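Colleague: Questions regarding the structure given below will be posed in turn.
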Amino acid sequence: KFKRLLLADDYDSILEIAREQVDNGAHALDISTAVTERGDEVEQMRQVVRKLVVSGIDVPLVIDSTEPEVMQAALEAAPGRCLLNSTHLEGGRKKADQVFALAKKFNAAVLLLTIDEQGMAKTVDRKLEVARRLYQIAVDEHGLSPSALVYDALTFTLATGDAEFAQSGIETIEGIRAIKRELPGVFTSLGVSNVSFGLGPNARPVLNSVFLYHCIQAGLDMAIVNPAHITPYAEIPADERQLAEDLIFNRRPDALQRYIEYFASAEHQPIDQARSNPLEGKTTEERLQYRILHRYKEGVEADIDEIIARQDFPTKHESAVYILNQALLPAMKEVGDRFGAGELILPFVLQSAEVMKKAVSHLENYLEKKEGVSKGLVVLATVYGDVHDIGKNLVKTILSNNGYDVIDLGKQVPAETIIQTAVERKADAIGLSALLVSTSKQMPLIVNELYRRALNLPVLIGGAAINRRFGRRILYTESGDPYPAGVFYCKDAFEGLDTMDRLMDASRREDLLHQIEREAAFEMGRTDAPHTRTAGKARPTVAPASLIPRVDQWGSRVVRKMPLEMVFQYLFKNELFRLSWGAKNAHGEEWERLQAEFEERLSRMQREALRSDWLQPQAVYGYWPVQADGDDLILYDPKTLSQAQPDELLRFSFPRQPEGERLCLADYFAGIDTGKVDVVALQVVTVGQNATERFDALQQAGDYSEAYFFHGLAVQTAEATAEYLHRHIRRELGLPEGQGKRYSWGYPAIPDLEDHRLVFNLLPAEKELGMSLTPAYQLVPEQSTAAIIVHHPQARYFSIGESRVEQLMKA
């Protein structure tokens with residue numbers, strides 16, 4: 001079956017086989033992709049390994065190939081530690097040397113067969129002789145640890161009656177014992193079922209189980225078996241154990257004949273080989289729900305066809321509606337409930353969504369396009385000027401997989417386009433997303449325009465920049481009246497789903513509207529502390545720096561390519577795992593498990609990124625002479641420094657804390673009244689447009705979970721690139737460890753993104769890196785950052801205060 005799936009490139013079904021093996025108790029998976037019908041063993045091995053790793057198969061992989069290049073491809077694609085299967089000395093040591101070199105380079109273990117130029121070792125002495133020779137090459141010459149060696153002492157079938165092999169069971173058991181005794185630290189493995197090859201299907205499980213037991217007693221560490229065909233030694237009837245042991249230990253000349261006759265008798269019933277199947281005993285509807293909850297794509301289409309074939313309803317369309325409402329949607333609701341309860345992290349939700357998408361796509365073959373099938377139509381958009389859309393994409397996925405039709409207008413969508421599309425398509429609601437404070441101003445603009453046109457369309461809003469208070473405030477229009485259709489803040493995709501369900505239910509809609517109107521009225525009664533901006537020349541609250549760094553050359557520099565390997569060293573894994581990859585609420589054992597899974601995933605993705613061009617760290621940066629003037633930082637033309645009054649290139653106007661220490665970023669630079677000229681560094685970094693294109697391609701292909709993981713890695717790699725360049729700048733300025741803070745626009749100390757335009761006026765990010773700015777001054781590509789580096793030894797991170805942010809949100 002595995003071969004057929006390989007030939008069909010059906011990697012989803014291959015994944016199901018792997019999961020079945022793991023569910024049945026396998027501790028490792030042996031992968032072989034060599035088929036005579038194809039010549040692409042290397043690529044198929046790479047694809048299978050990637051699929052297993054991406055889909056969360058977390059057991060070690062055994063790379064089963066005779067070709068070193070295939071082994072290398074697998075090792076490059078697989079995280080963690082692999083086992084190479086297998087190596088021997090039948091053709092001399094040339095290939096063994098190649099395999100040991102790979103094992104040393106990739107920290108792999110190696111499965112060693114006791115075979116040399118004389119053939120397979122059949123006796124204890126010969127098995128030990130070959131094992132010692134392999135040990136000497138691997139450990140003494142290649143530097144492998146003894147624990148990296150796994151010896152297969154070989155076994156032969158006892159089913160032929162050939163006198164030459166009558167003792168082979170004993171020789172194998174004692175061979176295992178000798179290898180473990182004479183070569184401390186090594187491990188042993190065995191293809192157990194070889195001992196019963198040629199016997200009838202009823203007879204093999206008992207012999208395999210008894211032989212496995214005695215091999216373990218001799219020191220066997222791991223066994224190649226079908227776990228569904230192994231019965232614990234103590235559960236095998238005594239008479240059957242006796243028959244098997246007579247054969248294994250060659251206790252009587254008729255042992256084989258007696259064993260065969262016993263299991264061939266009509267009265268004998270074979271040992272129950274069935275293993276617990278999580279789908280066993282479930283109805284077809286329950287099987288569908290299980291597959292969605294546990295992220296199994298295989299079988300969903302067959303389950304749907306089975307329900308349709310039952311003809312429980314007059315038409316296939318009615319059966320399909322029943323499946324959607326009674327099996328699929330409840331399953332996704334449970335996924336959402338588990339996510340809300342913290343039992344599932346977002347990547348697992350997305351994998352369930354992929355299963356749901358496959359089920360719904362198949363179900364559409366039976367659904368007639370007529371009124372009542374869809375739960376409603378939602379127009380989604382990221383607002384004008386905003387390039388961030390991963391949150392909006394999650395909402396689309398969840399709504400689409402729960403019965404809603406969704407028109408996704410994408411990102412940077414003008415207000416008129418959103419409104420016009422909603423009207424023309426007779427939408428039931430509009431969903432708006434924004435990441436930043438500045439772009440969130442588009443939301444009240446749209447609400448006011450809907451009100452002005454008397455359009456009764458509920459508006460759902462969400463995104464990192466906004467909160468529930470903001471949603472309550474913008475319910476009130478410029479006229480002072482509440483928007484009658486409602487504005488609903490949704491903290492995540494599942495709250496968006498719940499809000500839509502309540503809006504589409506006439507019995508619950510009015511209560512929801514009354515609820516938000518009460519909350520908004522209460523919110524509008526609250527007062528805000530006014531934000532004050534210092535006029536003119538404010539008194540600095542920070543003492544001047546005692547030493548101003550010198551620079552060799554003023555102006556900008558271009559870094560067209562940074563070493564990705566070095567950049568990866570500056571990844572902040574905790575932020576990647578907890579924030580970008582969704583494990584922020586995981587603790588204890590759950591966190592330890594996720595951390596281990598994420599470490600393996602990160603290792604695999606990093607290796608793939610190093611081989612591809614998905615992530616291309618690059619940057620522009622530079623130094624300029626500056627002086628502070630109150631809250632402003634003036635940047636001068638370096639060519640005019642010899643003048644009594646240098647020419648001003650531009651100035652940044654930074655906000656000041658309204659209370660407390662009343663800090664402002666300009667305070668960390670020499671003032672215009674000191675007569676000293678200070679220095680500032682600016683930087684812009686990106687990982688390139690390819691990252692955005694890969695993310696979009698994964699989304700289009702419906703590979704939501706992989707897109708989510710990749711997006712997170714790309715964003716965090718941009719941050720790592722910024723840190724890598726930041727450290728380089730500190731070295732050029734001669735700053736000691738810990739001195740020289742990096743501030744990015746959009747964060748607490750400098751929240752206004754408009755300054756990005758000033759940075760781009762100085763640094764050739766557009767010309768040299770192909771970057772651009774949105775109308776809301778966001779960086780494109782999204783996986784980019786801009787920052788100012790402050791050398792002052794007392795510089796620290798601070799916030800302007802909530803009142804400043806709220807003022808921008810209300811503007």
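The values are calculated or read from the model by the stated rules, or taken from the named source; none is laboratory data. Treat the numbers as computed from the prediction; the structure is a model and nothing was measured. Every residue, glycine among them, receives a Cβ derived from its backbone with ideal geometry; neighbour counts consider all protein chains shown. Note: areas computed on protein heavy atoms with side chains; ligands, DNA, RNA excluded. Shrake-Rupley method; radii C 1.70, N 1.55, O 1.52, S 1.80 Å.
Colleague: Just the number, please: carbon plus sulfur as a percent of the accessible area of the chain, 1.4 Å probe, no ligands or DNA/RNA counted. The partial results should precede the final answer.
Modeller: On the way: 17710 of 36180 Å².
That share works out to 49 percent.
Colleague: Next question, about the same structure. At 222 nm, what value in deg cm²/dmol follows for the chain if DSSP H runs of at least 4 each add -39500 (n - 2.57) and the sum is divided by all its residues, to the nearest 500? Provide the component values of the computation, followed by the final result.
Modeller: Details: 29 runs with 342 residues, N = 811.
Rounded to the nearest 500, it is -13000 deg cm²/dmol.
Colleague: Could I ask something else about it? Take the Cα radius of gyration of region 34-99 and divide it by 2.2 N^0.38 Å, with N its residue count; two decimals is plenty. Walk me through the intermediate numbers first.
Modeller: Details: Rg = 12.5 Å, N = 66, 2.2 N^0.38 = 10.8 Å.
Rounded to two decimals, the normalised Rg is 1.16.
Colleague: Report Rg(Cα)/(2.2 N^0.38 Å) for region 276-355, keeping two decimals.
Modeller: Values: Rg = 13.2 Å, N = 80, 2.2 N^0.38 = 11.6 Å.
Working it through for region 276-355, the quotient is 1.14.
Colleague: How much FRET efficiency would the formula 1/(1 + (r/R0)^6) give for S744 and K94, where r is the Cβ-Cβ distance and R0 is 45 Å, rounded to 0.05? Present the calculation step by step, with values, prior to reporting the outcome.
Modeller: On the way: r = 55 Å, r/R0 = 1.23.
My answer for the efficiency is 0.20.
Colleague: Provide Rg over Rh for region 724-778; use the alpha carbon set for both Rg and the Kirkwood Rh (inverse mean inverse pair distance).
Modeller: Values: Rg = 13.5 Å, Rh = 13.0 Å.
Over the Cα atoms of region 724-778, Rg/Rh equals 1.04.
Colleague: I would also like to ask the following. Compute the Rg to Rh ratio over region 1-75 from the alpha carbon atoms, using the Kirkwood formula for Rh, and round to two decimal places. Provide the component values of the computation, followed by the final result.
Modeller: Working: Rg = 11.6 Å, Rh = 12.4 Å.
My calculation of the ratio gives 0.93.
Colleague: Averaged per residue, what accessible surface does the chain expose to a 1.4 Å probe, in Å²?
Modeller: Working: 36180 Å² over 811 residues.
Value for the chain: 45 Å² per residue.
Colleague: Can you give me the relative contact order of region 378-490 as a percent, contacts being Cα pairs under 8 Å and 6 or more apart?
Modeller: Value for region 378-490: 27 percent.
Colleague: Under the Kirkwood approximation applied to all pairs of distinct alpha-carbon atoms, what is the hydrodynamic radius of region 89-220 in Å?
Modeller: 15.3
Colleague: Pairs of alpha-carbon atoms within less than 8 angstrom and 6+ residues apart define the contacts here; what relative contact order does the chain have, in percent? List each step's numbers first, then the result.
Modeller: Values: 1370 pairs, mean separation 67.7, N = 811.
8 percent.
Colleague: Next question, about the same structure. Seen from all sides and averaged, what is the projected area of the convex hull of the Cα atoms in region 312-463, in nm²? The partial results should precede the final answer.
Modeller: Working: hull surface 40.2 nm².
Its average projected convex-hull area is 10.1 nm².
Colleague: Let me ask something additional. Quote the charge dipole size of the chain about the Cα centre in Debye, to the nearest 20; the model charges only the Cβ of Lys and Arg (+1) and of Asp and Glu (-1).
Modeller: Working: 91 positive and 116 negative charges, 416 e Å.
For the chain, the charge dipole is close to 2000 debye.
Colleague: Given labels modelled 7 Å from the Cα in the Cβ direction, how far is it in nm from F572 to E280?
Modeller: With each label point 7 Å from Cα toward Cβ, the separation is 5.0 nm.
Colleague: Provide the gained length on full extension for the span I170 to E754, in nm with one decimal, where the gain is 0.36 nm per separating residue minus the Cα-Cα distance. Numbers along the way, then the final one.
Modeller: On the way: separation 584, 0.36 × 584 = 210.24 nm, distance 8.05 nm.
Length gained, I170 through E754: 202.2 nm.
Colleague: Beyond a 18 Å Cα-Cα separation, which of these cross-linked pairs lie in this structure: K333/K426; K396/K491; K358/K396; K51/K573; K1/K357? Numbers along the way, then the final one.
Modeller: Working: K333/K426 26 Å; K396/K491 14 Å; K358/K396 15 Å; K51/K573 23 Å; K1/K357 26 Å.
Correct reply: K333/K426; K51/K573; K1/K357.
Colleague: Let me ask something else. Quick check: pseudo-label points 7 Å beyond the Cα along Cα→Cβ at E43 and K676, how many nm apart are they?
Modeller: For the pair E43/K676, the computed spacing is 6.4 nm.
Colleague: Here is a follow-up. Considering only DSSP beta bridges where both residues belong to region 363-471, give the percentage that are antiparallel (nearest 5). Present the calculation step by step, with values, prior to reporting the outcome.
Modeller: Values: 0 of 15 bridges.
Within region 363-471, antiparallel bridges account for around 0 percent of the total.
Colleague: Report the paramagnetic label zone for T123: residues of region 76-97 whose backbone N is under 19 Å from a point 7 Å from Cα along the Cα-to-Cβ axis.
Modeller: none
Colleague: Working from the pairwise distances between different alpha carbons, so that the mean of 1/r is found and then inverted, what is region 375-415's Kirkwood radius in Å? Write down the numbers at each step before the final one.
Modeller: Values: mean 1/r = 0.0970 Å⁻¹.
About 10.3 Å for region 375-415.
Colleague: Considering Cα pairs under 8 angstrom that are at least six residues apart, work out the relative contact order of region 557-716 and quote it in whole percent. Intermediate results must be reported in sequence, preceding the final value.
Modeller: Working: 204 pairs, mean separation 42.4, N = 160.
Answer for region 557-716 is 26 percent.
Colleague: Moving to a separate point now. As a test question: what accessible area, to the nearest 10 Å², does F760 have when a 1.4 Å probe is rolled over all protein chains in place?
Modeller: About 10 Å², rounded to the nearest 10.
Colleague: In addition: Could you give the length gained by full extension between A34 and A8, i.e. 0.36 nm per residue of separation minus their alpha carbon distance, to one decimal place? Walk me through the numbers before you get to the answer.
Modeller: Values: separation 26, 0.36 × 26 = 9.36 nm, distance 1.39 nm.
Taking A34 through A8 to full extension adds about 8.0 nm, to one decimal.
Colleague: What FRET efficiency, computed as 1/(1 + (r/R0)^6) with R0 = 45 Å and r the Cβ-Cβ distance, is obtained for A302 and E732, rounded to the nearest 0.05?
Modeller: On the way: r = 63 Å, r/R0 = 1.41.
About 0.10, to the nearest 0.05.
Colleague: Which loop-located trypsin sites (Lys or Arg not before Pro) does region 393-497 contain, where loop means any DSSP state but H, G, I, E or B and the Cβ has at most 15 other Cβ atoms within 10 Å? Show your work: numbers first, answer last.
Modeller: Working: sites: K396, K411, R425, K426, K441, R452, R453, R468, R469, R472, R473, K491; in loops: K411, R425, K426, K441, R453, K491.
When the trypsin sites (Lys or Arg not before Pro) of region 393-497 are filtered for loop state and at most 15 Cβ neighbours within 10 Å, R425, K426, R453, K491 remain.
Colleague: A further question follows. Rounded to two decimals, what ratio of Rg to Rh does region 315-404 give with C-alpha atoms and a Kirkwood Rh?
Modeller: Looking at region 315-404, the ratio lands at 1.02.
Colleague: Can you tell me how much longer the chain between Q136 and N325 gets when fully stretched, taken as 0.36 nm per residue apart minus their C-alpha distance, in nm with one decimal?
Modeller: Numbers: separation 189, 0.36 × 189 = 68.04 nm, distance 6.53 nm.
In short, 61.5 nm is gained.
Colleague: Using label points projected 7 Å from each Cα along Cα→Cβ, tell me how many nm separate R611 and V423, to one decimal.
Modeller: 5.3
Colleague: Treating the beta-carbon of each Lys and Arg as +1 and of each Asp and Glu as -1, no other charges, what is the dipole magnitude of region 642-761 about its Cα centre, to the nearest 20 debye?
Modeller: Around 300 debye, computed over region 642-761.
Colleague: Over all Cα pairs of the chain, how is the pair count split among 20 Å bins, expressed in % and running from 0 up to the last occupied bin?
Modeller: Percent of Cα pairs in each bin: 13, 35, 30, 17, 4, 0.
Colleague: Follow-up. With N set to the residue count of region 1-156, report its C-alpha Rg divided by 2.2 N^0.38 Å to two decimal places.
Modeller: On the way: Rg = 16.1 Å, N = 156, 2.2 N^0.38 = 15.0 Å.
Compactness ratio reported: 1.07.
Colleague: A follow-up question, please. D for region 579-637, whole µm²/s, Stokes-Einstein with Kirkwood Rh over alpha-carbon pairs at 37 °C and 0.692 mPa s: what number? Spell out each step's value before the answer.
Modeller: Working: Rh = 16.1 Å.
Translational D for this selection: 204 µm²/s.
Colleague: Moving on to the next point. For region 648-779, take the convex hull of the Cα atoms, compute a quarter of its surface area, and give me that in nm², please.
Modeller: Working: hull surface 44.7 nm².
Hull-based average projected area comes out at 11.2 nm².
Colleague: Round to the nearest 0.05 the FRET efficiency obtained for R81 and D481 when R0 = 45 Å and r is the Cβ-Cβ distance.
Modeller: On the way: r = 66 Å, r/R0 = 1.46.
Between R81 and D481 the formula returns 0.10.
Colleague: Looking at the square roots a ≥ b ≥ c of the eigenvalues of the Cα gyration tensor of region 393-463, which shape do they give, rounded for a/c under 1.5, prolate if a/b is larger than b/c, or oblate?
Modeller: Working: a/c = 1.88, a/b = 1.14, b/c = 1.65.
Oblate shape, in that a/c is at least 1.5 and b/c is the bigger or equal ratio.
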